[in-house]
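Asks: Handing you a structure now.
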Amino acid sequence: MLMASPSQDASTLLASSSAAPVAHEGAARVFWRVLTRFDSSKLSPYLALRNSIGVLLPLVAGFALDMPRGGLVVASGALNVAYSDGSDSYAQRAKRMLSSSGLCALAVLFGALSGSHSVAAVTIATLWAFAAGMLVAAGTTAADLAVISLVTLLIYAAQPLTPRQALISTGLALGGGLLQTALSVALWPVQRYEPERRALANFFLELARAAEQPLSATTAPPATVHSTQAQEALSSLDRERSIEAVRYRALLSQAERIRLSLLMLSRLHLRMQRESAVHSGVQILGEYLKETAQVLQAIGNALLSGIPAEASTDILAACESLTLRLRQEAENLPASFLAAVARDARFQMDALNGQLRAALDLTAHATPAGQAAFAKQEAHQPSSLRFSGLLATLRANLNLQSSVLRHAIRLAVMVALGNGLERAFYWHRSYWLPMTIVLVLKPEFTTTFSRGLLRIGGTIVGLFLATALFRILPESQTLQVVRIFVFTLLLRWVGPANYGIFAAAISALVVLLIAITGVSPKEVIWARGINTAAGGALALLAYWIWPTWERTQVSDRIAAMLDAYREYFHSLSETYVRNETSNASELDRVRLSARMARTNLEASIDRLGAEPGTTAEQMHHLNALLASSHRFVHAVMALDAGWLHTAAVPARTAFDTFAADVEKTLELLAAALRGKHVQLNEFPDLREDYHVLVQSGDPKIERYALVNVEADRIVNSLNTLREQVKERVRSNEVA
């Protein structure tokens, strides 16, 4: 545990805040709240409308050409790809939907060709299920694409076709996916992350105003309202693992740290004025706060305009020059209270400089131009050095210690069991049994059980609704198409807000779609109800037999990730010191271990967010901590890549000290997370180490320049992590 030392300085004491007790609800009440939760933020009427049009057009064309079954296949392809639609940038959206179209078309082909061969069908479905489970490591988007394609595979495997029919169906399904993609790209553009970026921009602009205004003891801390608004705006990103979402969470963390640093510096400025209003340090600090305001103003404007704040580099250099001047002034002062305050102010200025550099760097990559530049830079890296490299991530998770691999095994075994039961004891529409297993079984507890119950309950409601519609309304092609359009609209509009509504809408929609082929709705309704109940029960049984509880494991997983990062950094720093590549295999090993530890933690946080009793505040703190750790490992990976492309130079003595203190910091953080009492004064002064490092060696030498830049990011991220770990340890003690 992190304990404050008696010698803790004034800044640390001022920055500390007491943690409020976290309220815990009863498990049953929380689970009921999850079941009945209606997330209105997921309502997207325009997206639902274009998706519904994408399903409607093929059906209308099919009936008009007297080819209703062909229209149905195209419509089903459009419906499958609709789940990949979103409101992000056109390029990202098109890439994802095209991938979904191709993957679902392959699923149609493999399913239709293997359907008449039970062994081949079960084998292909099992391998596909294992791959779908592993793709959880690649993020939500990849996992969703895999699940949709697996469901498509199971559906078409239940109705074997000749090779010619299979190829025709594949082409039609691909056409439906391409139609849906075209509609998505052509209609209703929405810029992704616009609300989050605007909230962050307002936060930074308010911080800029606060930096220029004198502090008053009778007013609230600066930017309190804007901080709350930014946290609320970014709360929707808590389950996202994209690079963009991580950047915005990291920006919020830096803004919060900058807010505290400004508060400290404003108070110290007042103290220095009281002691000696004519001292040069007072003027230096006043000028520094004005320069800081300009940097913050530039960051806010860049977030609003999307244009990088390139001019702020000169302003930041002026801030660093003022910091150096105050350092020299403080060193020349005789021992006094004024000297102590000046040294404290210099320390805060050093820290704030690092925070401003971090915020500028994150802001540059958060703009469209910055995102494109980052993507181009990532593409030139070897796959093992890409932060989100798919193959390297999957390779790192091929280990029984990986929660991703365990989920993949669980999903593959249950799909094989469900598929085997379907084919051994064939009953009508039995492919819904393994299909339900795929849709219900998830890596986390609450999602699996809530989806299981909502899937079964929603299916029953949807089937009753479909039955009522067929009995009450007259049968006609026009009414049939209208009903399909309405339920597709309901599915894509309201369905994302509550899974029970989704299950009811999809159940009724499937009955309506199958009715086009001439199959009796009554026959479909009973078959779907029985198989859905059986598949849902099997999925729940699988999780009951092999559960995963995260609340007791998250701190250990964070510590394990920090340990893995420490090993990675140690191996890399030894490479820099020795100027040799003899340990390339060892470096590859620790890099993979670090990647696996990171993906394990990401999956663990995702699962924790769905468990009963987890609060939004806990998730916010964990995601902020994760974003800081990402910033650290980005810097380490940049050093890793830079080793390959920079000329060898003698290692600086200051780098040895810096590297040792980085490792010690990571070790102390991991120990605190595991329950050890750690005093704050045990942590080395990384910012001072950085200052000594950049003063040594010629900064024009490429490798020294690279290390200086990345060392700054490492210091900033670890100082942020120290504060976040301290807060987590304190919260755990209160709980």
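Asks: Could you grab me the full set of residues in segment 142-156 that are in contact (Cβ under 8 Å) with a residue 60 or more places away in the chain and of a type outside the set (Gly, Ala, Ser)?
Replies: 144, 145, 147, 148, 150, 151, 152, 154, 155
Asks: Checking the structure you have, find out if any residue of segment 686-703 is closer than 22 Å to residue 563 by Cβ, touching a Lys or Arg at 6+ places or on another chain (Cβ under 8 Å) and surrounded by 22 or more Cβ atoms within 10 Å (Cβ to Cβ).
Replies: No, that holds for no residue.
Asks: Turning to a different aspect of this structure: Is it fair to say residue 139 is on the phi > 0 side of the Ramachandran plot and either out of contact with any Ser or Thr (no Cβ under 8 Å at 6 or more places or on another chain) or modelled with pLDDT under 90 (or both)?
Replies: Yes: the conditions hold for residue 139.
Asks: Sticking with this one: Examine segment 708-724 for a residue that is surrounded by fewer than 22 Cβ atoms within 10 Å (Cβ to Cβ) and of a type in the set (Ser, Thr, Tyr), and state whether such a residue exists.
Replies: No.
Asks: In contact with a Lys or Arg (Cβ under 7 Å, 6 or more places away or on another chain), part of a helix (DSSP H, G or I) and either of a type in the set (S, T, N, Q) or surrounded by 16 or more Cβ atoms within 10 Å (Cβ to Cβ) (or both): does that describe residue 669?
Replies: yes
Asks: State whether one or more residues within segment 656-666 are crowded, with 21+ Cβ neighbours inside 10 Å, within 28 Å of residue 551 (Cβ to Cβ), free of Cβ contacts under 8 Å to residues at least 24 places away in the same chain and more than 19 Å from the chain's Cα centre (by Cα).
Replies: no
Asks: Let me ask you something else. Here are the criteria: (1) touching a Phe, Trp or Tyr at 6+ places or on another chain (Cβ under 9 Å); (2) closer than 19 Å to residue 724 by Cα; (3) modelled with pLDDT under 75. Tell me which single one residue 243 does not satisfy.
Replies: Result: residue 243 passes all but (2).
So that you can scan it fast, the table gives a plain yes or no per residue for (1) surrounded by 19 or more Cβ atoms within 10 Å (Cβ to Cβ); (2) at pLDDT below 80; (3) of a type in the set (Val, Ile, Thr); (4) in contact with a strand residue (DSSP E or B) (Cβ under 7 Å, 6 or more places away or on another chain):
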site	(1), (2), (3), (4)
234	yes, yes, no, no
239	no, yes, no, no
249	yes, no, no, no
253	yes, no, no, no
256	yes, no, no, no
262	yes, no, no, no
269	yes, no, no, no
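Asks: Picking from 286, 306, which residue would you name as being surrounded by fewer than 17 Cβ atoms within 10 Å (Cβ to Cβ) and under 33 Å from the mean Cα position of the chain (by Cα)?
Replies: From the options 286, 306, the qualifying one is 306.
Asks: Shifting gears a bit: Can you report the number of residues in segment 326-341 which are out of contact with any Leu (no Cβ under 6 Å at 6 or more places or on another chain), in a helix (DSSP H, G or I) and not charged (D, E, K, R)?
Replies: Residues flagged as out of contact with any Leu (no Cβ under 6 Å at 6 or more places or on another chain), in a helix (DSSP H, G or I) and not charged (D, E, K, R) within segment 326-341 amount to 7.
Asks: Out of 99, 84, report the one residue that is surrounded by fewer than 19 Cβ atoms within 10 Å (Cβ to Cβ) and small (Gly, Ala, Ser).
Replies: 99
Asks: Among the residues of segment 686-728, what is the count of those that are β-branched (Val, Ile, Thr), modelled with pLDDT under 90 and more than 18 Å from residue 357 (Cα to Cα)?
Replies: Within segment 686-728, residues that are β-branched (Val, Ile, Thr), modelled with pLDDT under 90 and more than 18 Å from residue 357 (Cα to Cα) number 1.
Asks: Consider segment 504-561. How many of its residues are part of a helix (DSSP H, G or I), closer than 22 Å to residue 71 by Cα and modelled with pLDDT of 75 or more?
Replies: Final tally of qualifying residues: 11.
Asks: Determine which member of the set 557, 566 is outside the structural domain of residue 414 (by TED's automatic domain parsing), without any contact (Cβ under 8 Å) to a residue 60 or more places away in the chain and within 22 Å of residue 728 (Cβ to Cβ).
Replies: Going through 557, 566 in turn, the sole match is 557.
Asks: Given segment 1-71, what helices (runs of 4 or more DSSP H) lie entirely inside it while holding 1 or more residues that are at pLDDT 90 or above and of a type in the set (Val, Ile, Thr)?
Replies: 45-64
Asks: Go through segment 670-688 and give me each residue that's within 32 Å of the chain's Cα centre (by Cα) and charged (D, E, K, R).
Replies: Of everything in segment 670-688, those that are within 32 Å of the chain's Cα centre (by Cα) and charged (D, E, K, R) turn out to be 674, 676, 685, 687.
Asks: Given 322, 352, 362, which one is modelled with pLDDT of 80 or more, part of a helix (DSSP H, G or I) and within 30 Å of residue 140 (Cα to Cα)?
Replies: After applying the criteria, what remains is 362.
Asks: Considering 448, 478, 459, 436, which residue is more than 38 Å from the chain's Cα centre (by Cα) and either part of a helix (DSSP H, G or I) or more than 21 Å from residue 530 (Cα to Cα) (or both)?
Replies: Exactly one of 448, 478, 459, 436 is more than 38 Å from the chain's Cα centre (by Cα) and either part of a helix (DSSP H, G or I) or more than 21 Å from residue 530 (Cα to Cα) (or both), namely 478.
Asks: With the checklist (1) over 28 Å from residue 391 (Cα atoms); (2) within 18 Å of the chain's Cα centre (by Cα) in hand, flag the one item residue 133 doesn't pass.
Replies: That leaves (1) as the condition not met.
Asks: While we're looking at this one, here's another question. Of the conditions (1) more than 18 Å from residue 202 (Cα to Cα); (2) out of contact with any Asp or Glu (no Cβ under 6 Å at 6 or more places or on another chain), residue 257 satisfies every one except a single condition; which number is it?
Replies: Tallying (1) more than 18 Å from residue 202 (Cα to Cα); (2) out of contact with any Asp or Glu (no Cβ under 6 Å at 6 or more places or on another chain), residue 257 fails exactly one: (1).
The values are calculated or read from the model by the stated rules, or taken from the named source; none is laboratory data. Just so you know, these numbers come straight off a predicted model, no measurement behind them. A quick note on method: Cβ atoms are made from the backbone with ideal geometry, for glycine too, and the neighbour counts reach across all protein chains shown.
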